[in-house]
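Structure first, commentary second.
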Amino acid sequence: MSLATAPTSPLPHRVTVVGGGFAGLYAARNLGIDPEPRLAQIDQIYCGGDPALAARLADGMGADYLLEGTPRACEPTVFDGSPYWALAYEDGRLRIWRLVGAPPVGARGP
């Protein structure tokens, strides 16, 4: 059992695993949290090319919104036109998408 999941854990209810650069990842690992699965999910959301899968993953992470962009150079997932994402805000190059639903497991979206 890791410190983050122990019944008497002194950690707050939610621990940010991604963010803070090297220091954030170092702190997460020292708390017994493996950030790699979450980083892989984020990569799949932004670079996987499937807005339905992105919706399922975001929903599983408890995310309601996401900033358009990519964590690395890749062919980005296109959220425009997907029934699972609605454009919530746009100002110049900044676009924020709102999750409006997630497909059932196994479904692939447009």
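Given their separation in residues at 0.36 nm each and the Cα-Cα distance between them, Ala63 and Val78 gain 3.7 nm when the chain is fully extended.
Would you mind calculating the gained length between Cys47 and Leu87 on full extension (0.36 nm times residue separation, minus the Cα-Cα distance), in nm to one decimal?
12.6 nm
Amide H contacts of Trp85: Val100, each under 5 Å away and 5 or more positions distant or on a separate chain (H built 1.01 Å from N in the peptide plane; Pro and chain starts excluded). The simple Förster model, with R0 at 25 Å and r as the Cβ-Cβ distance, assigns Val100 and Asp34 a FRET efficiency of 0.25.
Along the stretch 72-88 the Karplus relation, 6.51 cos²θ - 1.76 cosθ + 1.60 evaluated at θ = phi - 60°, assigns HN-Hα couplings of 7, 5, 6, 7, x, 5, 9, 8, 4, x, 7, x, 9, 10, 10, 5, 9 Hz to successive residues, with x for each Gly and Pro. Roughly what % of Cα-Cα distances in the stretch 49-99 sit above 13 Å, to the whole percent? Cα-Cα pairs in the stretch 49-99 separated by more than 13 Å: 57 percent.
In order along the stretch 57-65, the phi-based Karplus estimate (6.51 cos²θ - 1.76 cosθ + 1.60, θ = phi - 60°) of 3J(HN,Hα) comes to 5, 4, 4, x, 8, x, 8, 9, 9 Hz; Gly and Pro are listed as x. Cβ-to-Cβ counts within 10 Å put Cys74, Cys47 in ascending order as Cys74, Cys47, the fewest first.
Near the amide H of Arg95, within less than 5 Å, lie the amide hydrogens of Glu68, all on another chain or at least 5 residues away, with H placed in the peptide plane.
The numbers here are math on the coordinates, done by the rules we state, and not lab data. Because the structure is predicted, anything quoted here is derived from the model rather than measured. As a convention, Cβ positions derive from the backbone with ideal geometry for all residues, glycine included, and neighbour counts pool all protein chains shown.
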